[in-house]
1. If you line up the long axis of helix A:72-85 against the longest principal axis of chain A, both from Cα atoms, how many degrees apart are they, to the nearest 10?
2. Taking a ≥ b ≥ c as the square roots of the eigenvalues of the Cα gyration tensor of segment A:97-235, is the shape rounded (a/c under 1.5), prolate (a/b larger than b/c) or oblate?
3. Against the 2.2 N^0.38 Å scaling, with N counting residues, where does the protein assembly as shown land? I'd like the Cα-based Rg ratio to two decimal places.
4. Find out how many positive minus negative residues lie around B:Ser128, taking Lys and Arg as positive, Asp and Glu as negative, among other residues whose Cβ is under 10 Å from that of B:Ser128.
5. Which whole number gives the average, over all residues in B:12-25, of C-beta atoms from other chains lying within 10 Å of the residue C-beta?
6. By the scheme Lys and Arg +1, Asp and Glu -1, what is the net charge of all other residues having a beta-carbon under 14 Å from that of B:Asp156?
7. Of chain A, which part is the longest with no chymotrypsin sites (Phe, Trp or Tyr not before Pro) in a loop (DSSP not H, G, I, E, B) and with at most 15 other C-beta atoms within 10 angstrom?
8. Under 12 Å from the 7 Å Cα→Cβ point of A:Lys6, by amide nitrogen: which residues of segment B:154-189?
Amino acid sequence: MFQEIKYYRFGEAGILLEFGDGISVDMNQQIHNISRWLNENPFDGFIETVPAYNTLTVLYDPMKFAHPEKSAFELAKNRVKMRMESMPKEEASSRHVIKIPVCYGSDFGPDLENVAKLNSLSPEEVIKIHTENTYYVYMLGFAPGFPFLGGMSSRISAPRLSSPRLSIPKGSVGIAGKQTGIYPIETPGGWQLIGRTPLELFRPSLNPPTLIEAGDQVKFYEITLEEYHSWEADHGHND
Amino acid sequence: MAIMINKPGMLTSLQDLGRYTYQQYGVIVSGSMDPFAHTAANLLVGNSEGEATLEVTLTGPKLTFGIDTFIAICGADLTPSLNEKAIENWRTISVRKGDVLEFGNCKWGCRAYIAVAGGYDTGRVMGSKSTYLRAGMGGYQGRALKEGDTLPVNSDGNGFHPTSFNWFISHEPRAMYLDMNTIRAVKGRHFDLFTKESQTAFFNEKFKISTQSDRMGYRAEGTELKLQQQKEILSEPVLFGTVQVPSEGKPIILMADRQTTGGYPKIAQVAYVDLPKLAQAKPGDSIVFQEITEEEAQISYIIQKIELDYLKAGIRLKNRE
């Protein structure tokens, strides 16, 4: 099962496991299954995992593997391999579908018209296509809780802005190339913004600290401005 | 039980050794830019390595102590003074209630670390006292210090009672600062994707640290680094010291506030033991990357940690004499 994995050193305290070349949901799910298993069954010296599209990075404490003759990396790598071999075969894939309400257009989605024009569509058609598909979350990165989503229709793709905005409000939903994403905190960014969600994607006081986890699925649905504001009123201010 | 901030300095924030175990959620590590100076300062006041220190950048703050305690300042020499009398870095210093700590010109380095016995009493967010400036969380109210702030100090202290003050951390454990321009690094995962000229230039030519450098990363200027052919790189994790090269060919060395993942090709990884040199480098400084093997980098890391353990034991012994 794990024959094709390549193991690389990554810094003094990391092992990078490479599972293959391209992007595939099956491979990515395998990465998240292993990641979850290692976090639930940590070995002495385990620090954390960082799963990505086709790689899994395992961080460890080299001092726990310091040895007068042997390489700490080799010892840690063997420990990771041993842990992976004890992983149960049955796939424990409980993929949640997270539903994300989005208020499209107007001030929340200043680039919606532009995305529509670029693809010779009406704004309504862009919204219809954006809410049609179910998106798979390959990984989180860039900002806390920012999902790298796969599965957007190329009919609504749009290039990054030539000059990024200095500040993008949190909750903004954007498109860059063939990707769509949600900004969980205020940050600079170059994605074309089509709407905003009132949901808090990053919640530092909760465990897990993010609404969306890697391996989940995401589905967007449209809400009106009134619904957006009443959501905010019910769940505290999204400022 | 607090320290009053009379002037904040250029960028003064609480940092520890970083916020780990949440990178899988996209939460950055943060932490001290110079983990060696940070750790030394903590050890000098009897704290554990992971306690938070105040990271001071180029222009230091002015602070008034509301308690009798012990402090230590390590890293950059920003000509500190206590009640207008010069004091030295790399030492344990006794301070009294009402004492005023100030900084002057920067004589060497870029970042100084102020540790206080018992630590700053701010609580941990997601397991760490480090300030995550962009997300406004951790540290002191999620931000850099401002004039008028009152920074609480752990009132119980840590039971540290030094018996002598006539010694300091010698030059030996901090020998890496002597050769500030040579930055040891190992080849990155995508090194072979670069042209032969770029590969040679990277490990031989000088690069200048640009003014576009901060806690997130340093941009370096020099020979343009090019890939043999454009290649799409999938986003994957980056580390403290990862050197990545965007398409315009200028390398970026990722520092404490780096994002968790990146999609640019990685040409190199700076050795952990040389990160303190980068933390103390200023825009305009020149550096040369020197290639070492991954095994050498890891052994240097282990040796430095063992040396810090010796230092810790030494400080304990000194204060028992």
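1. On a 0 to 90 degree scale, this one is about 70.
2. rounded
3. That ratio works out to 1.01.
4. Counting the neighbours of B:Ser128, the net charge comes to +2.
5. 4
6. Around B:Asp156, the surrounding residues sum to -3.
7. Between exposed loop sites, the widest span is A:44-239.
8. So the set is B:189.
Read the figures in this text as sums done on the coordinates, not as results from a lab. Bear in mind the structure is a predicted one, so any value in this text is a computation, not a measurement. We place every Cβ from the backbone using ideal geometry, glycine too, and count neighbours over all the protein chains shown.
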